[in-house]
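Note sheet for the following structure.
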Amino acid sequence: MRIDKEHILNYNKSAIENHNESFDFLSSKLSKQGHDVNDIISRLAEFQIAIPSWALGAGGTRFGRFSFFGEPSSLEQKIEDVGVLHSLTQTAGAVSLHIPWDIPSDYNAIKEQADSLNIKFDSVNSNTFQDQKDAKESYKYGSLSNVNQSIRDQAIQHNLDVINIGNKLGSKSLTVWLADGACFPGQNNFQTAFQNTEDSLKAIYKGLPDDWKLLIEYKPYEPNFYSTVIQDWGASLMLANACGKKAYTLVDLGHHLPNSNIEQIVSILQLKGKLGGFHFNDSKYGDDDLTVGSIKPYALFLIFNELVYGMANNPQNPDLAWMIDASHNVKDPLEDLIQSLEAIQEAYAKAMLIDQAALKAAQSNNDVVKCQEILQGAYRTDVRPLLEKARLNSGGVLSPINAYRALDVRGGLIKERGKNTVATGL
Ligand SMILES: [Mn+2]
């Protein structure tokens, strides 16, 4: 299914008057405050977020899974879905594949399809958290950290294979998330597990092309509930430093214990030039993978404040790989992703409204009240007309959710694919 340009134009016609009114009001207000509105809009339009292949179907819990009708059942259909998201929002110009779930059968055809939809291949993700059919060794007791050398070798080889697949598609980074750890005290020797992981990552790093990055993700618990080998940013950073300058830490919002100061983590990693990527989601308790901005939008804004500061002030840190990493059971996955994309853009736009010079001045004077006023003044601005304008300028729709429903995209997908499809890999 493809969204017709004509459908977009027609849809926008019906909503343009309201948009113009709210945009003109906001734009003149912001201009008077000294903001360059056109610059903010073009930065919003440039900001592209990768969609992970596994978020296009309904996610499951460990108790069960309720599928959503018309889910994509092949890589082609997954890319088609990202194409729908990108046509509407103009902010989802990349897809992040998960291997072995998404191995292309015809590389040229997949590349052509993605090209025609203006979609790039972002970071490729390896999978050593489950056993593959016909695999010689099992990851039940760990992969890169395993006590058994031949299991570690199999996991290293898998990561090298993933690099090879990504290379053929134009990806420029490998993301490694390990489920390795222990469920019970005494099960693992912490030092052995960490050293094995470091040695395995170094072996993978050796196979990394010169213009690639290795992104090392961390997570405090789950699926192991006593210890995780790469449990926090410190462990990830140590491993990245051990590998070399192409290795970086990847921060996933949901991979922190409750109330962690994530904005401080991303800030310091950028200062040290070691923040490689960011995974967006939201949570109330743990790694809940809920829609971005649905629970703690202010925390997301504070994170974006640091990211915007870092992007402007830390040339030592490379461009980041941005990805949504959310997946759950109750919403239409495409509507969920549209809401997430909107929340990310909103937090980014608000962070760009923070007067950094005034904030620095207030900090120098220890004017704590003023510092809070500056942050919250930006946060309380309704920036949605800016997002609409950025979408409009790029050929997207004014309101993606409304257009998605008005165009009955899900109905069309069900008609094409049937009711009983299940997204591969979930
Ligand atoms: Mn993640």
| request: Can you give me the number of residues within the range 258-277 that are more than 11 Å from Ile216 (Cα to Cα) and within 16 Å of the ligand (Cβ to nearest atom)? | output: 5
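Within the range 134-150, is even one residue assigned to a helix (DSSP H, G or I) and over 30 Å from Leu387 (Cβ atoms)?
Going residue by residue through the range 134-150, those that are assigned to a helix (DSSP H, G or I) are 149-150.
Now narrow it down to the ones that are over 30 Å from Leu387 (Cβ atoms): 149-150.
Yes; the residues of the range 134-150 include at least one that is assigned to a helix (DSSP H, G or I) and over 30 Å from Leu387 (Cβ atoms).
Any residue that is part of a loop (DSSP other than H, G, I, E, B) and touching a strand residue (DSSP E or B) at 6+ places or on another chain (Cβ under 6 Å) - is there at least one of those in the range 196-208?
First, the residues of the range 196-208 that are part of a loop (DSSP other than H, G, I, E, B): 207-208.
Then drop every residue that is not touching a strand residue (DSSP E or B) at 6+ places or on another chain (Cβ under 6 Å), which leaves 208.
For the range 196-208, residues part of a loop (DSSP other than H, G, I, E, B) and touching a strand residue (DSSP E or B) at 6+ places or on another chain (Cβ under 6 Å): present.
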| field | Number of the condition not met by Gln363 [criteria: (1) more than 16 Å from the ligand (Cβ to nearest atom); (2) within 20 Å of Asn281 (Cβ to Cβ); (3) not in a loop (DSSP other than H, G, I, E, B)] | value | (2)
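Collect the residues in the range 384-412 that are among the charged types (D, E, K, R) and crowded, with 22+ Cβ neighbours inside 10 Å, keeping them in residue-number order. Give the steps one after another, and end with the answer.
Residues of the range 384-412 that are among the charged types (D, E, K, R), as a first pass: 384, 388-389, 391, 405, 408, 410.
Matches in the range 384-412: Glu388, Lys389, Arg391.
Condition check: within 14 Å of the ligand (Cβ to nearest atom), in a helix (DSSP H, G or I) and not charged (D, E, K, R). Does Ser236 satisfy that?
On the way: within 14 Å of the ligand (Cβ to nearest atom): yes; in a helix (DSSP H, G or I): yes; not charged (D, E, K, R): yes.
Criteria met by Ser236.
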| field | Selection from the range 167-186 of residues that are more than 14 Å from the ligand (Cβ to nearest atom), surrounded by 18 or more Cβ atoms within 10 Å (Cβ to Cβ) and closer than 23 Å to Tyr141 by Cβ | value | Asp180, Gly181, Ala182
| Hey, any hits in the range 339-358 for a residue that's in contact (Cβ under 8 Å) with a residue 24 or more places away in the chain, out of contact with any helix residue (DSSP H, G or I) (no Cβ under 8 Å at 6 or more places or on another chain) and surrounded by 15 or more Cβ atoms within 10 Å (Cβ to Cβ)? | yes
| said: Go through the range 240-254 and report how many residues are away from the ligand (no atom under 12 Å from the Cβ), of a type in the set (A, V, I, L, M, F, W, C) and not in a strand (DSSP E or B). | reply: 3
| remark: Going through the range 315-360 in order, the residues found to be touching a strand residue (DSSP E or B) at 6+ places or on another chain (Cβ under 9 Å), of a type in the set (S, T, N, Q) and not in a loop (DSSP other than H, G, I, E, B) are Ser340
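Would you check which residues across the range 78-119 are among the polar types (S, T, N, Q) and buried (at least 22 other Cβ atoms within 10 Å of the Cβ) and list them?
First pass over the range 78-119, keeping only residues among the polar types (S, T, N, Q): 87, 89-91, 96, 105, 108, 113, 116, 118.
Answer for the range 78-119, where residues must be among the polar types (S, T, N, Q) and buried (at least 22 other Cβ atoms within 10 Å of the Cβ): Ser87, Thr89, Gln90, Thr91, Ser96.
Any read-out appearing in this document is the output of simple, stated calculations on the displayed coordinates, not a laboratory observation. This is a predicted model, so every value here is computed, not measured. A quick note on method: Cβ atoms are made from the backbone with ideal geometry, for glycine too, and the neighbour counts reach across all protein chains shown.
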